[in-house]
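Trainee: Dropping the structure in here first, questions after.
Coordinate-derived values only; no laboratory data. Every value quoted in this text rests on a predicted model; they were computed, and no experiment measured them. Here the Cβ positions follow ideal geometry from the backbone for every residue, glycine too, while neighbour counts run over all protein chains shown.
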Amino acid sequence: MKVDLLIRNGKVLLPRGELVEASIAVESGKIVAITFKPNFQPDRVVDAKGRLILPGVIDCHVHFREPGRTVKEDFKTGSSAAAVGGVTTVFDMPNTVPPTTSLEAFQAKVEAASRHSLVDFAVWGGISVETLQEAKGLGEAGVVGFKLMASSLDKRRGAKIFTVPEDGVELLRILEEIARLGLPLAVHAEDFRVRWAFERRLKTSGRRDWKAYFESIPGEVEASAAARVLSLARLTDARIHLVHVSSRLTLEVLRWARELGVKVTAETCPHYLLLTWEALARFGFKAKIDPPLKDRSDLEALWGGLEGDVINILASDHSPHTLEEKKAGLWEAPPGFCGVETLLPLMLNQVKEGKLSLQRLASLTAENPAKIFGLWGKKGALQPGFDADLVLVDLEKSWTVREERLQSKCRVTPWDGWKIKGLPALTMVRGVVVAEEGKPVGKPGWGQLVKPERAV
């Protein structure tokens, strides 16, 4: 049988967690066979050289800043970072300029990504009471879901750009529309009024130490907002996805909500699993993120949440800012740093240290995102019929993260100097190599829009 591509001599991680020495045959960008005795006539052959072959990572939380904020990042640089890091599909958040709250803005973003992206991409839409009339059109166009921010800055400016409404009736209206559309609502859970109160007190007292930022948004601020949204979601049957969960208290809210039958999933990020607020004192602006890093008890609880299926997904929350912005000072510097390129390597290191199994890592970064967001059958696993999105990994390769070697346009990161064992050596998107040996080699524009399977 003739095929386009045969990947030989690999250790393939199958969906049930089996690690088998096998070959992968690819035709027209799809996996057609995983076989122990390849009997194919391939046009191309890739020798995996005994390396591990994992499903490509689906990072459901990135901010590639295009359109409007491309001084920080764009789809070419962001997707190059993704490809080098073993990420084959990204979900871009809606807080661009203009925000992705209309069909016109959605189309502009898709057009930009289609020209520039090396990897496949999905798009989050923004939603508010003011833009409810746009939601159905965005759903039909193919957004992967909608996002509610808890951005105090947007609220202060009166922008009302998909911020979590203070008015419970407004929030209920949004949740009812989400339920009708059958798409998930991603929620940045933050009680911004309480946050403002803590922040004002700390500023008034003259606090300028980095621990003050940690104290300004305690875990209760996240948990109380999550509880409010999930309580109303129970009334509407809306699907909720809590982004970047950082607090042990929010894990308890998640358990409570699921016991009540609320349809809720959750993600966390490597920085909440590997760093505590002490990193703020050590790295300063490089470690400023929202929600902030928490303490050791939160970190340990999040690991427990991964093991117990309370947390369903690992994502990067890739949110780059310029060095000048990040140096603005404790309260003035925007929260966020680049992370899409380091997501998989950081977690491979945890596999090597025995904190996480390969099967669980693949579930958290590929299978679960595909199933939760309607891409299963096309993305999320190495099996016949699925896209040939995969990453060859050298689990024995030791290396050190260096900011200057990262592919992002703005490379501020707390991981600079971090020693890692486990390196993505080659990344394929639909059977085409987009990164190899730490370098992007794919063609901008190879990435395609992926749409969820659902009923509008």
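Trainee: What aspartates and glutamates does K439 reach when the alpha-carbon gap must be under 16 Å and sequence neighbours fewer than 8 apart in one chain are set aside?
Mentor: K439 reaches E341, D394, E403, E404.
Trainee: Now for a separate question. Find how many whole Å separate the alpha carbon centroid of region 315-371 from the alpha carbon centroid of region 246-312.
Mentor: 13 Å
Trainee: Also: Calculate the FRET efficiency for K2 and K355 from the Cβ-Cβ distance with a Förster distance of 45 Å, rounded to the nearest 0.05.
Mentor: It comes out at approximately 0.55.
Trainee: Tell me whether region 313-456 comes out rounded, prolate or oblate; compute the Cα gyration tensor, take square roots of the eigenvalues as a ≥ b ≥ c, and use a/c under 1.5 as the rounded threshold.
Mentor: Verdict is prolate for region 313-456.
Trainee: So what's the angle, to the nearest 10 degrees on a 0 to 90 scale, between helix 103-116 and the longest Cα principal axis of the chain?
Mentor: Orientation of helix 103-116: about 40 degrees from the principal axis.
Trainee: Antiparallel as a % of all DSSP beta bridges within the chain, to the nearest 5?
Mentor: 50 percent
Trainee: As an exercise, use a Förster radius of 35 Å and the Cβ-Cβ distance of D167 and S114 to find the FRET efficiency, rounded to the nearest 0.05.
Mentor: Result of the calculation: an efficiency of 0.40.
Trainee: Decide, for region 1-147, between rounded, prolate and oblate: order the square roots of the alpha carbon gyration tensor eigenvalues as a ≥ b ≥ c, take rounded if a/c falls under 1.5, and otherwise choose prolate if a/b is larger than b/c, else oblate.
Mentor: Prolate is the answer for region 1-147, as a/c is 1.5 or above and a/b outweighs b/c.
Trainee: Provide the packing ranking of 311-322, 363-374, i.e. peptides ordered by the mean count of other C-beta atoms within 10 Å per residue, highest first.
Mentor: Going from most to least packed, we get 311-322, 363-374.
Trainee: How many angstrom lie between the C-alpha centres of region 408-456 and region 32-103?
Mentor: 4 Å
Trainee: Also: What FRET efficiency comes out for the pair A141/L260, r = Cβ-Cβ distance, R0 = 30 Å, nearest 0.05?
Mentor: 0.35
Trainee: Also, quick follow-up: Give me the one-decimal nm value for the distance between modelled label points at E437 and S205, 7 Å along each residue's Cα-to-Cβ direction.
Mentor: 5.5 nm
Trainee: With N set to the residue count of the chain, report its C-alpha Rg divided by 2.2 N^0.38 Å to two decimal places.
Mentor: That works out to 0.94 for the chain.
Trainee: Hey, what angle do you get for helix 168-181 against the long axis of the chain, alpha-carbon based, 0 to 90 degrees rounded to 10?
Mentor: 20 degrees
Trainee: To the nearest 10 degrees, how steeply does helix 192-204 sit against the main Cα axis of the chain, on a 0 to 90 scale?
Mentor: 70 degrees
Trainee: Quick one: what are the phi-derived ³J(HN,Hα) couplings along region 72-85, Karplus 6.51/-1.76/1.60 with θ = phi - 60°, whole Hz, x for glycine and proline?
Mentor: Residue by residue, region 72-85 yields 8, 5, 8, 5, 5, 6, x, 6, 5, 4, 4, 4, 4, x Hz.
Trainee: Another one. Mind checking the log10 I(q)/I(0) for region 390-456 at q = 0.25, 0.27, 0.28 Å⁻¹? Debye, one equal scatterer per Cα, no solvent, two decimals.
Mentor: These q points yield log10 I(q)/I(0) values of -1.14, -1.20, -1.22.
Trainee: Show that you can apply the helix-only estimate: for the chain, add -39,500 (n - 2.57) for every DSSP H stretch of four or more residues, divide by all residues, and state [θ] at 222 nm to the nearest 500.
Mentor: -9500 deg cm²/dmol
Trainee: OK, next. Modelled label-to-label distance, D309 and T322, 7 Å Cα→beta-carbon offset: nm?
Mentor: 4.8 nm
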